[in-house]
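Comments concern the structure below.
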Amino acid sequence: ILAEMPASETPIKKTRLPSGLPPYLASLYEVPLLTREQEAHLFRKFNYLKFKATKLREELDLARAKSSVMDAIESLYDQAEALKNQIVRANLRLVVSIAKRHVGLGDNFFELVSDGNMSLIRAVEKFDFARGNKFSTYASWAIMKNFARSIPDEKHHRERYITGNEDLFDNRAETRTDEGEIMAQVEQARNRISHLLEDLDPRTRDVIRMRNGLDGSSEMTLEQIGQHFGITKERVRQINVRGMKLLREKAAVDAVDRN
């Protein structure tokens with residue numbers, strides 16, 4: 001549990017920076033993303049250190065507290081805090097990405113990022129890695145649910161499952177942020193998207209999945225997808241745009257059918 005974080009088995013790819021970011025936000029993309037194994041290791045270690053610190057506090061005799069025990073407790077909490085910060089830093093670009101999708105006229109982008117950072121920190125403290133869920137999935141929905149409550153504009157009071165730059169599904173935001181509830185919503189949204197994707201041809205379906213990270217992996221750039229299929233990134237963009245248009249039309253028909 002207390003060993004060093006395992007190294008990534010796959011080479012780290014240089015991330016393409018979004019345009020228009022100030023230097024201090026662009027620097028977030030220099031922090032490598034965590035693999036599933038690294039993520040689980042950090043959360044396991046984080047929880048263990050907090051557990052050890054809590055046990056020492058429970059056994060502490062306040063009338064005759066030893067400085068060595070107090071120092072040990074403080075050291076354990078400091079180590080746990082350092083691990084939490086490491087997890088937060090590796091996911092800060094997630095906040096920027098979601099904030100860019102939610103910002104609208106009259107919204108302050110940097111206030112959204114700041115608000116999203118607080119949601120991310122709370123998500124680290126609440127996340128239960130033992131359930132086997134990916135932290136970025138849980139954190140994304142926790143951040144979006146918070147944005148849905150905190151942004152005064154009516155369009156931001158509606159929760160959206162966002163794929164790329166398109167909003168396909170509108171759901172009324174809830175006030176609960178329980179992990180089980182959030183992951184249930186994630187699974188429901190995935191099932192609906194999988195149903196919609198079934199009507200697309202295989203290549204278009206794969207392009208949309210890769211572009212938006214719908215299989216639990218990181219979002220791929222147009223260039224990366226083009227290399228995978230042996231086509232130009234402009235052709236990938238065209239396929240993605242056409243596929244998203246078809247998905248919107250299918251989603252609209254499904255909504256009418258349900259009503």
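The values are calculated or read from the model by the stated rules, or taken from the named source; none is laboratory data. All values derive from a computational prediction rather than experimental measurement. Positions of Cβ are backbone-derived with ideal geometry, glycine not excepted, and every protein chain shown enters the neighbour counts. SASA here: full protein model, heavy atoms, side chains in, ligands and nucleic acids out. Shrake-Rupley method; radii C 1.70, N 1.55, O 1.52, S 1.80 Å.
Tallying residues that are of a type in the set (A, V, I, L, M, F, W, C) and within 29 Å of ALA90 (Cα to Cα) within segment 191-239 yields 9. Residues being open to solvent by 40 Å² or more (accessible area, probe 1.4 Å), at pLDDT below 90 and under 30 Å from PHE110 (Cβ atoms) are represented in segment 6-13 by at least one member. When the test is whether a residue is of a type in the set (Lys, Arg), surrounded by fewer than 15 Cβ atoms within 10 Å (Cβ to Cβ), modelled with pLDDT under 60 and more than 13 Å from the chain's Cα centre (by Cα), ARG172 passes it. The numbered conditions (1) in contact with a helix residue (DSSP H, G or I) (Cβ under 9 Å, 6 or more places away or on another chain); (2) among the acidic types (Asp, Glu); (3) modelled with pLDDT of 50 or more are all true for GLU249 except (1). Scanning segment 23-52 for residues being of a type in the set (Val, Ile, Thr) and touching a Leu at 6+ places or on another chain (Cβ under 9 Å) gives a total of 1. On the stretch given as segment 188-209, residues that are at pLDDT 85 or above, assigned to a helix (DSSP H, G or I) and either among the β-branched types (Val, Ile, Thr) or more than 25 Å from the chain's Cα centre (by Cα) (or both) total 5.
Residues in segment 210-241 that are at pLDDT below 75 and open to solvent by 90 Å² or more (accessible area, probe 1.4 Å): ASP215, GLU219. Of all residues in segment 55-81, those that are within 29 Å of MET5 (Cβ to Cβ) have Cβ atoms under 7 Å from Cβ atoms of residues that are surrounded by 11 or more Cβ atoms within 10 Å (Cβ to Cβ) and of a type in the set (Phe, Trp, Tyr), 6 or more apart or on another chain, in ALA80/PHE46.
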